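One structure is given below, encoded as C-alpha cells.
Every number here is computed from the coordinates shown, using simple stated rules; none is lab data. None of the values given here were measured: they were computed from a predicted structure. Ideal geometry is used to build each Cβ from the backbone, glycine not excepted, and the neighbour counts take in all protein chains shown.
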Amino acid sequence: MILILPEKKRFLQTGLLAFGALAVYVFFPADNRLDMTVQGLALSAVFFVLLPIFYVKFILHEPLSSLGFQGSERRFGVIAVPLAVIPTVSIWYMMLRFFPITESFPISAAAKGSFLFFLLYEVVLVGAIAFFYEVFFRGFVLILWLRRVGLWAIFFQSFLFAAFLAVSGLDISWKDVPLLLASLGSGFVASHTRSIPYSWLSAWLILFLSDVLILVVH
C-alpha cells in the first residue's frame with residue numbers, strides 16, 4: 001500500500017525533518033579520536049544525502065526526481081549554469097579587490113605549491129562537500145519541500161544554509177562567503193531546472209573559481 005500524504009501534512013512533515021536533520025547534525029557529539037574532516041563527511045553523507053533519499057523513497061514513495069535527481073525540466077537548462085556562475089564569481093572578484101580577504105582565506109600551502117594537489121582537492125573534497133549541500137539544501141529543502149513557494153525558496157534556503165553555517169561554525173567569516181554565494185547561484189539553477197546535477201555543477205564551478213581567484217589575487 002502506497003502512502004500518499006496530504007499536501008499540508010507533507011509540507012509540515014518535510015519541514016520538521018529538514019530542521020531535525022540539521023539540529024542532529026550540529027549537535028552530534030564529535031569523537032576526538034577520529035579526524036574531524038572524515039567525521040564531517042560521514043555525517044554529511046548520512047544526514048544530507050541518505051536521509052533525504054530514504055524519506056523520498058520509503059516515506060513519500062516518490063521517485064528520486066522529486067529530490068532533483070534528473071535532467072533539467074526546462075529545455076536548454078544548461079544555460080542557467082553560466083547565468084548563475086558568472087555574476088556570483090564576479091561579485092567574489094570585486095570583494096577580493098576591495099576587502100582584505102586573502103590574508104585569512106584557508107587555502108593550504110600545499111595547494112598553493114602543487115597544481116595537482118590543488119586540483120585533487122577541488123575535485124574530490126570540494127566536489128563532495130558541494131554535492132552533500134546540493135542534495136540537502138537545494139534538493140531536499142528547495143525542490144522537494146519548498147517547491148510551491150516560487151523564487152522565495154531560493155532566498156529562504158540560502159538563509160537557512162547561512163544559519164546552519166553560523167551555528168555549526170559559531171560564526172560567519174570570509175571563508176564562508178563563496179559557499180553563501182554558491183547557495184544563491186545554485187539555488188537559482190535548482191529553481192529553474194529542478195535538477196541537482198545542474199545545481200551541483202554550478203555550485204562546484206563557483207567554489208572552484210573562487211579558490212582560483214584567491215590564488216591569483218594573492
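Quick notes on this structure:
- Nearby aspartates and glutamates by direct alpha-carbon distance to Lys175 (threshold 18 angstrom, same-chain neighbours under 8 apart not counted): Glu103, Glu122, Asp211
- Full extension of the segment from Val124 to Ile79, taken as 0.36 nm per residue of separation minus the current Cα-Cα distance, would add 13.7 nm.
- For the chain, the longest site-free run once GluC sites (Glu not before Pro) in DSSP loop states with at most 14 other Cβ atoms within 10 Å are removed: 104-218
- Stretchable slack from Ala166 to Glu7, in nm (0.36 nm times residue separation minus alpha-carbon distance): 54.1 nm
- Loop trypsin sites (Lys or Arg not before Pro), segment 110-178, which have at most 16 other Cβ atoms in a 10 Å radius of their Cβ (DSSP): Arg147, Arg148
- What separates the Cα centres of segment 152-218 and segment 19-34 is a distance of 22 Å.
- Rounded if a/c under 1.5, otherwise prolate or oblate - segment 149-218, Cα gyration tensor axes: oblate
- Where trypsin sites (Lys or Arg not before Pro) fall in DSSP loop in segment 1-94, at most 14 other Cβ within 10 Å: Arg33, Arg74, Arg75
- Calculated mean residue ellipticity at 222 nm for the chain: -18500 deg cm²/dmol, from DSSP H runs with n ≥ 4 weighted as -39500 (n - 2.57), summed, divided by the residue count and rounded to 500.
- The long axis of helix 80-98 is offset from the longest Cα principal axis of the chain by roughly 40 degrees.
- In degrees, nearest ten, helix 196-217 long axis to first principal axis of the chain (Cα): 10
- As a calculated quantity, the FRET efficiency between Val149 and Ala30 at R0 = 25 Å, using C-beta atoms, amounts to about 0.15.
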